[in-house]
Amino acid sequence: MTEFKNTERELHYFRLRVSVVGGFVFFCFLLLLARFVWLQVYKHSDYAAQAEDNRISIVPLVPTRGLIVDRNGVVLARNFSAYTLEITPSKINGELDTVIDALSELVEIQPKDRKRFRKLLEESKNFASIPIRTRLSDEEVARFTAQRYRFPGVEIQARPFRQYPLGAVASHVIGYIGRVSQKDAEKIDAMDDAANYSGTEYIGKEGLEKSYEKELHGITGNEEVEISAGGRAVRTLSRTSASPGNNLILSIDIELQKVVEEAFGDHRGAFVAIEPSTGDVLAYVSKPTYDPNLFVEGIDQQSWDDLNNSPDRPLVNRPLSGTYSPGSTFKPFMALGALELGVRTPSWSLHDPGHFILGNHTFKDDVPQGHGTVDMHASIVRSCDTYYFMLANDMGVDRIHDFMKPFGFGELTGIDLENERAGLLPSTAWKRATYKTPERKKWVAGDTISLGIGQGYNAFTPLEIAKAVATLANDGVVMRPHLVKTIESGVNLERTQVVQKESYKINLKQENIDIIKRAMVGVTSEPGGTAYSVFKDAGYVVAGKTGTAQVVGLKKNEKYNRNGAEKLRDNALFTAFAPVDHPRIAIAIVVENGGFGAAAAAPIVKKALDYYLLGKRPDGKITPPAVSNDAADNDEPAEMEGDDDAPDETAAPAADTQGNKRP
């Protein structure tokens, strides 16, 4: 009986255990069922999409970058395809240096290639593959392909490359592209159309390549590619083609650009030529130049050091950001201001003793004996400093400032390049806001005198000076300078004119403008004119003005040494427009440390005008001009006299090409 009870008890516990286990199993089954329902019903669409994403890869199709051509269709920036050897560091077997050493046995890899690769590796960590060699030959491609199995993570890609076929010509205008850096990637992520840059490895870094990046880039396409479990492409499911970038048609005449760059020789400086009636920039020169092709794939260290450490600073865009005292090229505007404000009449004259005395300070003209009796016309033709010392004193700094500002002095021109720098047009308010101590804040009469001859605190960019000269040539109508004339669609080649409207018209009396223009013609056509020797045989009527500006200040009674160290010599300037009756071109040029404007700057302008107006090249060849010159000059100029346009020895120091006053 006892045994029976024990058996019943064990059976009861056994059934109880089975029930518990069964209940637990059933509970687990319910959990699995609930999870199954959750995954298959409620989350079905999400996981189906993820599965589809794993099966389908979206591959961006990078568009072809737009071309850049000059006003006559000469290609300045283009694209071509070439093979590139690329490494994906995360996929290689073994040490990176070992892999590169092995590759170098098949494909030539120079030390500069390794340095550039290391630099790109540091800067471009967000990219899957990095080029170790670009533009491989067919033989190199064949050698690597035969040994491809030895190098997992190394591929040959056919990629488009940017090329600047004219090399250093107009490099500061065109700029260059380069691989997207981490900083660039952050900027792209912040853009509204960031998705359009998916897969993009190159972006505009300088010049028009940068300022018109969105126009040139195009619209990115994509491919839907089915991927196997092993990660290989099986088939293309759909494709949206990329739309090529738009082409830029510039206002630049690249042949004129070449003439000017060659005429500069080894001199440093800037040259800007503008069509007054439209604001078209016909030539834009910053010397020395550089080859933008060096930057496309990442410049090697040696080339970078050569450019960055050069005392000639070839990377500085001088017309855009270099500031210079305008020297005597400022005098025609001073004379026009005197007429408009009623401070002078054309016939008002003085007997020039060769100096102007203010208090206990003497401001000296470059001609110690003076110019004799000088009226307004003669003051411009012979560039009499004393006339403008006195005029500046009579006008005062604030009236000078208020008259000059509408011409664009001290203001951004608005040209279609980034990083433009405004010059300095001084005033009493500017000095109060700039300096800290009460003594420095105060504007004193002596500060004003040198302004009259374009020195002292005056410091303008070549672009500002060229815009002002173009405005004078255009009878006071102000046009914004621009480099892009037309944008051509990369899809259907339809062209959109970049219409440049009149910004504003300065309220000037035409008879006063004509007086100044006649005097500027006298500079180039009258005996005694400071540029007469250069233009006496020109086949056109040109209005001009020479200028010479100090780059260092002189102590009292210190004499300027014209044969001293080159970096301490005067800057040479010249402004001009021609033909005078219907100006087609207005020019401003600065030759750094060139000396006299008539000796260093005017001859370059003469070569530019000879080409643009007459089709004459420096080598003697004749190219038909784009538009016939119907305003040629038939005057018979007489003998030449020297250039009186030398600097005032007591003027304040000029600004350098970084806008800093030299001591």
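The values are calculated or read from the model by the stated rules, or taken from the named source; none is laboratory data. Since this is a predicted model, take the numbers as computed values, not measurements. With ideal geometry, Cβ positions are generated from the backbone for all residues, glycine too; neighbour counts draw on all protein chains shown. SASA here: full protein model, heavy atoms, side chains in, ligands and nucleic acids out. Shrake-Rupley method; radii C 1.70, N 1.55, O 1.52, S 1.80 Å.
Evaluating residue 303 against the criteria (1) over 30 Å from residue 450 (Cα atoms); (2) touching a Leu at 6+ places or on another chain (Cβ under 8 Å); (3) surrounded by 24 or more Cβ atoms within 10 Å (Cβ to Cβ) leaves one unmet condition, (3). Quick one: count up the residues across the stretch 456-471 that are among the β-branched types (Val, Ile, Thr) and farther than 14 Å from residue 404 by Cα. Total satisfying the criteria: 1.
Somewhere in the stretch 141-149, is a residue in a helix (DSSP H, G or I), touching a Lys or Arg at 6+ places or on another chain (Cβ under 8 Å) and not aromatic (Phe, Trp, Tyr)? Full working, then the answer.
The first filter runs over the stretch 141-149 and keeps only residues in a helix (DSSP H, G or I), leaving 141-146, 148-149.
Remaining after also requiring touching a Lys or Arg at 6+ places or on another chain (Cβ under 8 Å): none.
The answer is no, given that none of the residues of the stretch 141-149 is in a helix (DSSP H, G or I), touching a Lys or Arg at 6+ places or on another chain (Cβ under 8 Å) and not aromatic (Phe, Trp, Tyr).
Considering the stretch 568-594, the residues that are of a type in the set (Gly, Ala, Ser) and open to solvent by less than 20 Å² (accessible area, probe 1.4 Å) include one that is nearest to residue 270 (Cα to Cα), namely 588.
Is it the case that some residue within the stretch 235-253 is at pLDDT 70 or above, part of a strand (DSSP E or B), open to solvent by 10 Å² or more (accessible area, probe 1.4 Å) and touching a helix residue (DSSP H, G or I) at 6+ places or on another chain (Cβ under 9 Å)?
If we filter the stretch 235-253 for residues that are at pLDDT 70 or above, which is where we start, we get 237-253.
Now narrow it down to the ones that are part of a strand (DSSP E or B): 237-240, 243, 247-250.
Subsequent filtering for residues that are open to solvent by 10 Å² or more (accessible area, probe 1.4 Å) retains 237-240, 243, 247, 249.
In the following step, the residues that additionally are touching a helix residue (DSSP H, G or I) at 6+ places or on another chain (Cβ under 9 Å) were identified as 247.
Looking through the stretch 235-253, at least one residue is at pLDDT 70 or above, part of a strand (DSSP E or B), open to solvent by 10 Å² or more (accessible area, probe 1.4 Å) and touching a helix residue (DSSP H, G or I) at 6+ places or on another chain (Cβ under 9 Å).
Residues in the stretch 339-374 that are free of Cβ contacts under 8 Å to residues at least 60 places away in the same chain and hydrophobic (A, V, I, L, M, F, W, C) were compared, and the one that is least open to solvent (accessible area, probe 1.4 Å) is 374. Being more than 37 Å from the chain's Cα centre (by Cα), without any contact (Cβ under 8 Å) to a residue 24 or more places away in the chain and not in a loop (DSSP other than H, G, I, E, B) is the requirement here; does residue 377 meet it? Criteria not met by residue 377.
The residues in the stretch 448-471 that are outside any loop (DSSP other than H, G, I, E, B), among the hydroxyl-bearing types (Ser, Thr, Tyr) and over 23 Å from the mean Cα position of the chain (by Cα) can be counted, and the count is 2.
Restricting attention to the stretch 172-217, which residues are in contact (Cβ under 8 Å) with a residue 12 or more places away in the chain and part of a loop (DSSP other than H, G, I, E, B)? Even if it seems obvious, please write down each step before you answer.
So in the stretch 172-217, the residues in contact (Cβ under 8 Å) with a residue 12 or more places away in the chain come out as 172-182, 184-185, 188, 193, 195-212, 214-217.
The answer is 175, 180, 181, 193, 198, 199, 200, 201, 212.
Looking across the stretch 153-172, the residues that are among the small types (Gly, Ala, Ser) and more than 30 Å from residue 90 (Cα to Cα) come down to 167, 168, 170, 171. Is there a residue in the stretch 488-504 that is modelled with pLDDT of 90 or more, of a type in the set (Val, Ile, Thr) and either part of a loop (DSSP other than H, G, I, E, B) or touching a Ser or Thr at 6+ places or on another chain (Cβ under 9 Å) (or both)? No, that holds for no residue.
In the stretch 221-229 there is at least one residue matching the filter, namely being modelled with pLDDT under 90 and touching a helix residue (DSSP H, G or I) at 6+ places or on another chain (Cβ under 7 Å). Pairing residues of the stretch 257-270 that are under 19 Å from residue 463 (Cβ atoms) and touching a residue at least 40 places away in the same chain (Cβ under 8 Å) with residues that are open to solvent by 20 Å² or more (accessible area, probe 1.4 Å) and polar (S, T, N, Q), at Cβ distances under 8 Å and at least 6 apart in sequence or on separate chains, gives 261/289. Applying the condition of being among the polar types (S, T, N, Q) and loosely packed, with under 15 Cβ neighbours inside 10 Å to the stretch 413-447 and asking which residue is farthest from the chain's Cα centre (by Cα) yields 437. Looking only at residues in the stretch 85-104 that are part of a loop (DSSP other than H, G, I, E, B) and surrounded by 15 or more Cβ atoms within 10 Å (Cβ to Cβ), the one that is farthest from the chain's Cα centre (by Cα) is 92. What is the one condition in (1) in contact with a strand residue (DSSP E or B) (Cβ under 8 Å, 6 or more places away or on another chain); (2) under 18 Å from residue 340 (Cα atoms); (3) not aromatic (Phe, Trp, Tyr) that residue 496 does not satisfy? Condition (2) is where residue 496 drops out. When the stretch 306-338 is limited to residues that are assigned to a loop (DSSP other than H, G, I, E, B), open to solvent by less than 20 Å² (accessible area, probe 1.4 Å) and touching a Gly at 6+ places or on another chain (Cβ under 7 Å), the one that is nearest to residue 550 (Cα to Cα) turns out to be 325.
Going by the structure shown, is residue 322 within 30 Å of residue 509 (Cβ to Cβ) and in contact (Cβ under 8 Å) with a residue 12 or more places away in the chain?
Numbers: within 30 Å of residue 509 (Cβ to Cβ): no; in contact (Cβ under 8 Å) with a residue 12 or more places away in the chain: yes.
So residue 322 does not fit the description; no.
The single residue among 424, 463, 472 that is more than 27 Å from residue 582 (Cα to Cα) and hydrophobic (A, V, I, L, M, F, W, C) turns out to be 424.
Within the stretch 268-289, at least one residue is part of a strand (DSSP E or B), farther than 25 Å from residue 135 by Cβ, open to solvent by 10 Å² or more (accessible area, probe 1.4 Å) and of a type outside the set (A, V, I, L, M, F, W, C).
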